[in-house]
Structures are given as structure tokens and as C-alpha cells.
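*Asks:* One structure coming up, written as C-alpha cells, with questions to follow.
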Amino acid sequence: MFEIFKAYQFNSKKAKGYGFVENQGVWTFSSTILQGDFLMIVTVEDGDLSFQIYDQETGDLYPQVHMESMRGTFVGSVREACLEVLYDIRKSCFEVQEFLCPQTKRIMTLVQEKFENQLEYLWEKSPDTAVLRHDDNQKWYAVLMKISWEKLDKAREGHVEVVNLKHDQVANLLLEKGIYPAFHMNKRYWISLPLDDTLSDEQIVKLFERSWFLTSKK
């Protein structure tokens, strides 16, 4: 559940207005879920969010919500209720993390809303790499990375954010300015797009749509 916050930064001023209480640098918010059967206590410390669930009737901790091996219908409903609270907290108390390129923020905000998926930062050793994937088949349709320009164009210096997208007309697209063979992925089926405003937002979103379609469950 916590991956939904990895591209976001905690805003203490907004959190205070939302109902978070601060004590020695630790911010806490409490909410009941599932018609008051459970108490959810959310904690933010040094920008990192965590939460615990308690059974209101017994007062006991309900750790099953954090156990991936627990797959029952009931624990699933508890997780769903927790996610509703977490998404609302993210919307009200967190801000989108600043990206290197202005176009990255515009595109990522737009496509996350359009396709109703969130950036997932899956690798601790690659904190600047995230994926967007389908909920049903879990297939990636976009990979966002921050890389050095020389990985795409040896004549360029510095770093840039790129998104890898799948396409069925790769050879033709590579003739266009601002579209490169995919970095670190199969170059027959994927392309890399630097998010440096070489391509318009409209062009990039259109390519996102194609990638989303090609990776959809058939």
C-alpha cells in the first residue's frame, strides 16, 4: 500500500488542517473504518507514512492487513477500506514530488488520472525508476526513469527523465525527432521519450494510449 506515496511529499500545513496532530516531529491521524469496527492510526515520521489497525471491540492489533499471505475476503475488505483512507490522505496532505523536467510533472499527473493507475517505485536500488501498470494483468505500459543524456544521445550532457512506452510501429517512430530506441528494454517493441518538451504533451499522451492498448488484457 505504501508505494502510492513514493512519488509524493508530505505537507505538514495541509496535514494539520486535515486533522493530523504533531508530537515531537511525529504526525498522527486516527480514523474508524468498516462502520466503526476498526480503528486506523496513521503515522508520518520524517516524511514516511505507516499505519496500524486495531479491533475496536477487543482493542487488539489487527496485523493481518499487512500480511501478503493473508488473502481472505474479510482481510481484503479491511485493506480496501484502508486504501480509501490512504488515498484521501494523499490527496489532502501530500504533494506530487518535484520532477527534474516540468513536462514530467504535467504528463505524469495527466496520465495517472486518465488511466487511474499510480506510479509504483518497485526497486530500492533504482529510486528514480517507476512503472505504470494495468490493475488486471499487472503488465507495464510505461516505465519512468531518470538517466544521463548520453544513454540516448552521446552529444548531450546532464540528466533527463524519460518514459519507455510500447509501440507496434517502432521503426517508423524512430525517424521522428525526440523518439529514441528504448533504454534498458527490448528495442524492437519499446521506445524512449525524453520528457524535455521536444514532443508536445498531446503527442506523448497519444503514445501512452497506444502503449496502454497494446499491453491491455486481450
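The values are calculated or read from the model by the stated rules, or taken from the named source; none is laboratory data. Worth saying up front: this structure is predicted, and the values here are computed from it rather than measured. Ideal geometry is used to build each Cβ from the backbone, glycine not excepted, and the neighbour counts take in all protein chains shown. Areas reflect the complete protein model, heavy atoms only, side chains present, ligands, DNA and RNA absent. Shrake-Rupley method; radii C 1.70, N 1.55, O 1.52, S 1.80 Å.
*Asks:* Here are G19, G59: which of them is open to solvent by less than 40 Å² (accessible area, probe 1.4 Å), farther than 29 Å from D135 by Cα and not assigned by the TED database to the domain that holds A130? Lay out the reasoning, then the answer.
*Replies:* Values: G59 fails: open to solvent by less than 40 Å² (accessible area, probe 1.4 Å).
G19 is the lone residue from the list that is open to solvent by less than 40 Å² (accessible area, probe 1.4 Å), farther than 29 Å from D135 by Cα and not assigned by the TED database to the domain that holds A130.
*Asks:* Would you confirm, using the coordinates I've provided, whether I147 is farther than 27 Å from E209 by Cβ, touching a residue at least 24 places away in the same chain (Cβ under 8 Å) and either open to solvent by less than 80 Å² (accessible area, probe 1.4 Å) or not aliphatic (A, V, I, L, M) (or both)? Before you say what the answer is, go through the steps one by one.
*Replies:* Values: farther than 27 Å from E209 by Cβ: no; touching a residue at least 24 places away in the same chain (Cβ under 8 Å): yes; either open to solvent by less than 80 Å² (accessible area, probe 1.4 Å) or not aliphatic (A, V, I, L, M) (or both): yes.
Against the criterion (farther than 27 Å from E209 by Cβ, touching a residue at least 24 places away in the same chain (Cβ under 8 Å) and either open to solvent by less than 80 Å² (accessible area, probe 1.4 Å) or not aliphatic (A, V, I, L, M) (or both)), I147 does not qualify.
Rundown of residues vs (1) free of Cβ contacts under 8 Å to residues at least 24 places away in the same chain; (2) surrounded by fewer than 19 Cβ atoms within 10 Å (Cβ to Cβ), yes/no style:
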| position | (1), (2) |
| --- | --- |
| A182 | yes, no |
| K187 | yes, yes |
| W190 | no, no |
| T198 | yes, yes |
| V205 | no, yes |
| E209 | yes, yes |
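*Asks:* Show the residue pairs that are 6+ apart or on different chains and have beta-carbon atoms under 6 Å apart, the first residue being within the range 56-83 and part of a helix (DSSP H, G or I), the second being open to solvent by less than 50 Å² (accessible area, probe 1.4 Å) and among the basic types (K, R).
*Replies:* Pairs that qualify, where the first residue is part of a helix (DSSP H, G or I) and the partner is open to solvent by less than 50 Å² (accessible area, probe 1.4 Å) and among the basic types (K, R), are V65/R79.
*Asks:* For the range 127-145, state whether one or more residues are touching a helix residue (DSSP H, G or I) at 6+ places or on another chain (Cβ under 7 Å), part of a helix (DSSP H, G or I) and in the same structural domain as R210 (by the TED database).
*Replies:* Taking every residue of the range 127-145 in turn, none turns out to be touching a helix residue (DSSP H, G or I) at 6+ places or on another chain (Cβ under 7 Å), part of a helix (DSSP H, G or I) and in the same structural domain as R210 (by the TED database).
*Asks:* Hey, another quick one. Given the conditions (1) among the charged types (D, E, K, R); (2) closer than 30 Å to L199 by Cα; (3) modelled with pLDDT of 90 or more, which single one is not true for E45?
*Replies:* (2)
*Asks:* Looking at the range 101-114, which of its residues are open to solvent by 30 Å² or more (accessible area, probe 1.4 Å) and either touching a residue at least 40 places away in the same chain (Cβ under 8 Å) or of a type outside the set (K, R) (or both)?
*Replies:* Initially, the range 101-114 is screened for residues open to solvent by 30 Å² or more (accessible area, probe 1.4 Å), giving 102, 105-106, 109-110, 113-114.
Once the filter is applied, which keeps residues that are open to solvent by 30 Å² or more (accessible area, probe 1.4 Å) and either touching a residue at least 40 places away in the same chain (Cβ under 8 Å) or of a type outside the set (K, R) (or both), the range 101-114 yields P102, R106, T109, L110, E113, K114.
*Asks:* From the residues in the range 113-138 that are within 22 Å of L100 (Cβ to Cβ) and of a type in the set (S, T, N, Q), which one is farthest from the chain's Cα centre (by Cα)?
*Replies:* S126
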